[in-house]
Amino acid sequence: VEPPTVLEVTPLIPADAIPQLRELAQAIVDNAAAGDLVTYTEADRRFHLAILEYSRNPRLVSLVSDLRSHTRLYGLAGMADRGTLAASAAEHLELVGLIADRDGRAAGNLMQRHIGRVRAEWAKHPA
């Protein structure tokens, strides 16, 4: 659900929203590095939902929010222990850069790879 939405909303996100998205992405990176999974999860949730809000589809945002609330802590401790959480967190900063560049196709592709990598990581190493 997120990758095609990111592709569509990238040109709709105003330039003055980029610093806030970058701040949220940096919070994700910082909390991953600190091993603060609770704060990481909240920053990650806020980041993803902030982007999806530009779809102007409250049902989509609510659905994704609900799904994330049921799955987000699953597997994060293992990713942090293996050192893969930091690399995953850094992808959020890369995504903001693509949004700032108005490259919707690359942003959607990155979101698809990001979600796919995290899901694959969790599947290989269940909590």
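The values are calculated or read from the model by the stated rules, or taken from the named source; none is laboratory data. It should be emphasised that the depicted structure is a prediction, and the values quoted were computed from it without experimental measurement. Using ideal geometry, Cβ is built from the backbone for each residue, glycine included, and neighbour counts are taken over all protein chains shown. Accessible surface areas use protein heavy atoms only, side chains included; no ligands, DNA or RNA. Shrake-Rupley method; radii C 1.70, N 1.55, O 1.52, S 1.80 Å.
The table below gives the values:
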| read-out | value |
| --- | --- |
| Contact order relative to length of the stretch 8-120, as percent, for alpha carbon pairs under 8 angstrom and 6 or more apart | 38 |
| Förster-model FRET efficiency, 30 Å R0, LEU67 and ALA34, C-beta, rounded to 0.05 | 0.70 |
| Rounded to 10°, Cα long-axis angle of helix 58-71 versus longest principal axis of the chain | 10 |
| Helix-derived mean residue ellipticity, 222 nm - over the chain, DSSP H n ≥ 4, -39500 (n - 2.57), to 500 | -25500 deg cm²/dmol |
| Surface accessible to a 1.4 Å probe, per residue, for the residues of the chain, Å² | 54 |
| Distance between modelled label sites at GLN26 and VAL1, nm, 7 Å Cα→Cβ extension | 3.1 |
| Normalised alpha carbon radius of gyration of the chain [divisor 2.2 N^0.38 Å] | 0.99 |
| Fraction in percent of alpha-carbon pairs per bin - 5 Å, the stretch 74-119 | 6, 22, 28, 20, 13, 8, 4 |
| Carbon and sulfur %, accessible surface of the chain computed with the full protein complex present, 1.4 Å | 54 |
